[in-house]
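Here the structure comes first, spelled out in structure tokens, and everything after it is commentary.
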Amino acid sequence: MESWKKTLYISWVIIFFLTASLGMFMPFIPLYVKEVGITDPRVQSIWSGILYGITFFFSSLIHHSIALT
């Protein structure tokens, strides 16, 4: 198998499982934010949005580094 095909298949599997796991985790972020001690619903939604965005930002960095190998 050619090197680029192997990299493509491995990257696809990693991205699939990472996206699926993040999709299952994301609905619970507001609950985690509330557990930290942030009780104002407006601030909870802001922090939830920030954490949601940061998660996909870092996952995109991981995907990028895998694609470059």
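Summary table
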item: Subset of segment 28-49 [open to solvent by 80 Å² or more (accessible area, probe 1.4 Å) and outside any loop (DSSP other than H, G, I, E, B)]; result: PHE28, LEU31, TYR32, LYS34, GLU35, VAL36, PRO41, ARG42, ILE46, TRP47
item: From ILE54, ILE14, residue being among the hydrophobic types (A, V, I, L, M, F, W, C) and touching a helix residue (DSSP H, G or I) at 6+ places or on another chain (Cβ under 7 Å); result: ILE14
item: Pair list, Cβ < 8 Å and 6+ apart or interchain, from segment 20-47 residues that are without any contact (Cβ under 8 Å) to a residue 60 or more places away in the chain to residues that are outside any helix (DSSP H, G or I) and surrounded by 10 or more Cβ atoms within 10 Å (Cβ to Cβ); result: GLN44/ILE38; TRP47/ILE38
item: Complete set of residues in segment 1-55 that are of a type in the set (Val, Ile, Thr) and under 25 Å from ILE66 (Cα atoms); result: THR7, ILE10, VAL13, ILE14, ILE15, THR19, ILE50, ILE54, THR55
item: Residue ID - farthest from SER11 (Cα to Cα), chosen from residues in segment 50-69 that are open to solvent by less than 80 Å² (accessible area, probe 1.4 Å) and of a type in the set (Ser, Thr, Tyr); result: THR55
item: Qualifying residue in segment 50-67 (condition: at pLDDT 90 or above and part of a helix (DSSP H, G or I)); result: yes
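The values are calculated or read from the model by the stated rules, or taken from the named source; none is laboratory data. Since this is a predicted model, take the numbers as computed values, not measurements. Don't worry about glycine lacking a Cβ; one is built from the backbone with ideal geometry, like all the others, and counts go over all protein chains shown. Protein only, heavy atoms only, side chains kept; ligands, DNA and RNA dropped before computing areas. Shrake-Rupley method; radii C 1.70, N 1.55, O 1.52, S 1.80 Å.
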